[in-house]
Amino acid sequence: MADSTEIAAAVADVQCKISTNLVGIGAALQTAYDQEYIAKHRAALDAFAADWDGYLRRAK
């Protein structure tokens, strides 16, 4: 069981994450990196998707 010091540290940690919007900023950053990757590799990703579509059509 957590003692009062551990509980206080956990509460402070969550309050800090909320006040700085840590999760929202992290999600936005990951989305930006993902979009940049997709933009730079669009042709290869489209070719990969087309290959998989062909595999799946033949598998049916």
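Remarks
- Qualifying positions in the stretch 43-60 - among the charged types (D, E, K, R) and either in a helix (DSSP H, G or I) or modelled with pLDDT of 95 or more (or both): D46, D51, D53, R57, R58
- Subset of the stretch 12-38 (residues that are of a type in the set (A, V, I, L, M) and open to solvent by 80 Å² or more (accessible area, probe 1.4 Å)): I18, L22, V23, I25, L29
The values are calculated or read from the model by the stated rules, or taken from the named source; none is laboratory data. Remember, predicted model here, so these are calculated numbers, not experimental data. Areas reflect the complete protein model, heavy atoms only, side chains present, ligands, DNA and RNA absent. Shrake-Rupley method; radii C 1.70, N 1.55, O 1.52, S 1.80 Å.
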